[in-house]
Every structure is written in C-alpha cells, then in structure tokens.
Amino acid sequence: MSAAWHEALADYQRKRAYSDGLPLGAPDEDAAVDAYCVAMDGLIVTPAPDRASVALKIRLIRERDCDVSDVWWDALLADIEAPQPPAPEFDAALAEFERCRQAEQAFSPGATLEEEAVAEPALEAIIEATDAAFDAMIAMPVTHAKHAALKLKAIDDQYDVCACGLDRDHLDQVKRELLSALQAGDPA
C-alpha cells in the first residue's frame, strides 16, 4: 500500500470514527462531519494502489450520494470483486448497446417539420431500445477488468456523471484512475 494512500485512509478513518462516535446534536457534530467529508474527498483523489482500494473509492463516491444509479454502482462493484462469470453474454450485450447507440446517432428525422413529426415515433423507439440495451449491458456480469472498464466508459459516454463534493477535475481523475486500474487488472 502506498504511503500517500495509507496516510489518506488513516486520516479519513480517524475523522470518520470521531464523527460517528459523537451523539446526535453534539456541539461539534457539523464540524466533525465536514472534517471527515474533506478527508473522504482527499482519499478519493489519492491514487489507489490496488483493486480493493478502487472498490473502496467506489463505495465512498456512492456514499456521497453521487448522481449515478445504485444499480450501476452495484454492477461495477460486483465486476471488481466477483469470481468469473461468462464473457460471451457480456460481449453480446455490449455489441447490442453499441448497435443501438450507433442507430440513434445516425438517425435523421427529416428536413421538414412534417417529416420530423412522422419520424418522431421511430426516434423514440430507437432511444428506448438504446436505453434498454444500456440497462441490459450494465446489469450483465463480466469476466475481466477490461470489460468492467468498458462498462465504466459506457456510463461516462451515456450520461454526464457528476460527483457531489468533488469538482469536475477530481471526478475526471477518479474516472481515469478507475479505468486504468480496471484495464490493467488480471482476469477475475
């Protein structure tokens, strides 16, 4: 474990334990919560030395009530921690999502308002199919870290993800780090 990670983790754990040990309504309760949140942010942006630390970061980001579906966080955590599920099913789900997304991006509603009105139900059906394929791909287990990284990239591409309490540069750093750690990982 790197020294920087160890220091940041110890700082967070100490401040969190102090805050959690205070009775509700204690005079320094708000300051203690603020202190552990600052320590949590520091830990989140500290490079993770291993996959277990990446999983801890995901849990901490989730705890901060970030604007990402719990289902997606659960899927990512399961990918990092779970034993080997079947890969061909994930490959097929990812291919279907990519096919739907390409169809959505290539859709041309028409040049006139009348053509657009006629085409609108078709576009809605394509968007619905893309959303369903995305949900199916996210729910699908993967066999190795590269697939988990592809899931994380799909989430990032599909939605403008933001983390409460972290500025955009820090969130981007966390996403790059998660992608890097997952892509470098050995098969589960």
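Computed from the coordinates by the stated procedures, all read-outs in this text should not be read as laboratory data. Everything quoted here is computed from the prediction, not taken from an experiment. Positions of Cβ are generated from backbone atoms using ideal geometry, with glycine treated the same way; all protein chains shown enter the neighbour counts.
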For this session: Work out, in µm²/s and without decimals, the Stokes-Einstein translational diffusion coefficient of the stretch 86-140 at 25 °C, 0.890 mPa s, Rh from Kirkwood over C-alpha pairs.
Result: 204
Problem set entry | For H147, H6, order by how many other beta-carbon atoms lie within 10 Å, fewest first | H6, H147
For this session: Counting other beta carbons within 10 Å of each Cβ, put E29, E63 in order, fewest first.
Result: E63, E29
For this session: Run the dipole for the stretch 86-140 about the Cα centre, Lys and Arg Cβ at +1, Asp and Glu Cβ at -1, nothing else charged, and hand back the magnitude in debye, nearest 20.
Result: 200
Exercise. Any idea which of A125, F107, M140 is furthest toward the positive side of the dipole for the stretch 86-140, if Lys and Arg beta-carbons carry +1 and Asp and Glu beta-carbons -1?
Worked result: M140
Exercise. What list of ³J(HN,Hα) values in whole Hz, one per residue of the stretch 119-129 in order, does the Karplus curve 6.51 cos²θ - 1.76 cosθ + 1.60 (θ = phi - 60°) give from phi, with Gly and Pro shown as x?
Worked result: 7, 4, x, 5, 5, 4, 5, 5, 5, 4, 5
